Amino acid sequence: HLTSCSRGASEGDQKGFSGDLPRLKFIFGPSAVPALDLVDQRSVTRVVSPSGRTAYQVLGSSGKLYTCYSSCHFCTCPAFGFTVLQKSESLLCKHILAVYLSQAMGACQELTVSEEQLTSILLAEEEDEG
Amino acid sequence: MAAALERALGPAGPEADASVPEAPLLVLGPAGSGRTALLLRAALAGGGDGPRALFLAPSAPSRLPEGGGGDPRALQRLELRYPPTLAALAQELGAMAARARPPGLLLLDGLEHYIQGGPSAPARLAALLLEASRAPRPPARLLAALRVPPPGPRVLPVLRRYFPAECRLRPLPGVPLRVNVRLVLPGSVPRGWRLRFEPHGGLNVTPGPGDGDGDEDEDGDGSGDEG
């Protein structure tokens, strides 16, 4: 719904995304539309521990769950490791962009976990391709 | 963290400017260059009135420092812990936010020991440290040390994404116990000191040149200096 509105709308919607899709594409390249799809699907969950630490889990299009950090750019997806870190071809992956967009739109789901569980989430292994 | 380093080492050479922006700082140096001693000195800078400091390393240092500036209270605000694995380190970092009195300084020695796993391992380690340093309110200042040459060609470029400030230690060739220190901060003129490690464990610090000495591979990673 959000993606189709962004593509066809000529008037601002309640979140002011009219005209923003070209800007998103210009800045973030091929990650923009897939990130919007993830937001559309409410794939982003903000995970909070009792001490206030946070992390984000994003359910990817492949059905895998990726972890994005709150305080800096890091994601456990293969694209972040390859395209961002190794090749420096992109500023961030679609999951990190989806986190930012979800934050801006108030579209994050919320989940409270224990300190140990949050530590485990932050230590989640990088996911392989496929 | 750079301010803590300057308190530890004193005023730099005449080319230094007055402002010291705070940023996560990476200390680089080969084996025996004094990375651990420098971290501990930074932790104790300010004497008994300095911030609480948490020093993490895979094992205990061979020698513990004297109290900062001769003030024994400095050691009372220093906490030393030795997580042997990345998982244990993550547990220590996770516990920081839950403390009633979180530390104001977070120091990690032996980064190379904790870089485990795939190509994103250095990034994840750096991200864990940044998360831990920013979770307490107010945020803790972060300083981490890495022995060079690093364990892989991509380690340093990745770590530099997360550590904008860098301190490079370079032993003087042919001169035992003498090390040049060069502090590189974003947007600032590099600053320098000369260290002389004394046999009984003391450390003599004098201002030195902040510019490079023509060494094309200061970080020892086998490629040109990227700093």
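Each row is one residue, and each column tells you yes or no for (1) within 10 Å of the chain's Cα centre (by Cα); (2) within 10 Å of chain B (Cβ to nearest Cβ).
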position: A:R23; (1), (2): no, no
position: A:A35; (1), (2): yes, no
position: A:G63; (1), (2): no, no
position: A:T76; (1), (2): no, yes
position: A:Q109; (1), (2): no, no
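Name the residue, out of B:L146, B:L142, B:L129, B:L159, that is in contact with a strand residue (DSSP E or B) (Cβ under 8 Å, 6 or more places away or on another chain) and more than 12 Å from chain A (Cβ to nearest Cβ). I'd like the intermediate steps shown before the answer.
On the way: B:L142 fails: more than 12 Å from chain A (Cβ to nearest Cβ); B:L129 fails: more than 12 Å from chain A (Cβ to nearest Cβ); B:L159 fails: more than 12 Å from chain A (Cβ to nearest Cβ).
Going through B:L146, B:L142, B:L129, B:L159 in turn, just one is in contact with a strand residue (DSSP E or B) (Cβ under 8 Å, 6 or more places away or on another chain) and more than 12 Å from chain A (Cβ to nearest Cβ): B:L146.
Taking the residues in region A:49-58 that are open to solvent by 30 Å² or more (accessible area, probe 1.4 Å) and over 9 Å from the mean Cα position of the chain (by Cα) as candidates, determine which candidate is nearest to the other protein chains (Cβ to nearest Cβ).
Keep residues of region A:49-58 that are open to solvent by 30 Å² or more (accessible area, probe 1.4 Å), which gives A:50-52, A:57.
Remaining after also requiring over 9 Å from the mean Cα position of the chain (by Cα): A:50-52.
Working: A:P50: 7, A:S51: 4, A:G52: 6 Å.
Filtering region A:49-58 for residues that are open to solvent by 30 Å² or more (accessible area, probe 1.4 Å) and over 9 Å from the mean Cα position of the chain (by Cα), the one nearest to the other protein chains (Cβ to nearest Cβ) comes out as A:S51.
Quick one: is B:Y114 hydroxyl-bearing (S, T, Y), modelled with pLDDT of 90 or more and in contact with a helix residue (DSSP H, G or I) (Cβ under 8 Å, 6 or more places away or on another chain)? Spelling it out, B:Y114 is indeed hydroxyl-bearing (S, T, Y), modelled with pLDDT of 90 or more and in contact with a helix residue (DSSP H, G or I) (Cβ under 8 Å, 6 or more places away or on another chain).
If you take the residues in region A:26-41 that are out of contact with any helix residue (DSSP H, G or I) (no Cβ under 8 Å at 6 or more places or on another chain) and open to solvent by 30 Å² or more (accessible area, probe 1.4 Å), which one is nearest to A:I121 (Cα to Cα)? Quick ask: steps written out before the conclusion?
Pass one, region A:26-41, residues out of contact with any helix residue (DSSP H, G or I) (no Cβ under 8 Å at 6 or more places or on another chain): A:26-27, A:29-30, A:41.
The next check asks that each one be open to solvent by 30 Å² or more (accessible area, probe 1.4 Å); those that pass are A:26-27, A:30, A:41.
Numbers: A:F26: 32, A:I27: 29, A:P30: 27, A:Q41: 22 Å.
Here the residue is A:Q41.
Here A:T119 meets the list (1) crowded, with 18+ Cβ neighbours inside 10 Å; (2) touching a residue at least 40 places away in the same chain (Cβ under 8 Å); (3) under 20 Å from B:A95 (Cα atoms) almost entirely, failing just condition (2). When the residues of region A:87-105 are filtered to those that are without any contact (Cβ under 8 Å) to a residue 24 or more places away in the chain and under 15 Å from A:P30 (Cβ atoms), the one that is surrounded by the fewest Cβ atoms within 10 Å (Cβ to Cβ) is A:K87.
Screening region B:22-140 for strands (runs of 3 or more DSSP E) wholly inside it with 2 or more residues that are open to solvent by 40 Å² or more (accessible area, probe 1.4 Å) returns the ranges B:78-81. In summary, strands (runs of 3 or more DSSP E) completely within region A:38-84 and bearing 2 or more residues that are more than 19 Å from B:A123 (Cβ to Cβ) and not hydroxyl-bearing (S, T, Y) occur at A:44-48. In region A:94-106, the count of residues that are more than 12 Å from chain B (Cβ to nearest Cβ) and in contact with a Lys or Arg (Cβ under 7 Å, 6 or more places away or on another chain) is one or more.
The values are calculated or read from the model by the stated rules, or taken from the named source; none is laboratory data. The model shown is predicted, which means the values in this text are computed figures rather than measured ones. Cβ: placed from backbone, ideal geometry, glycine included. Neighbour counts: every protein chain shown. Side chains included, ligands, DNA and RNA excluded: accessible areas come from the protein's heavy atoms. Shrake-Rupley method; radii C 1.70, N 1.55, O 1.52, S 1.80 Å.
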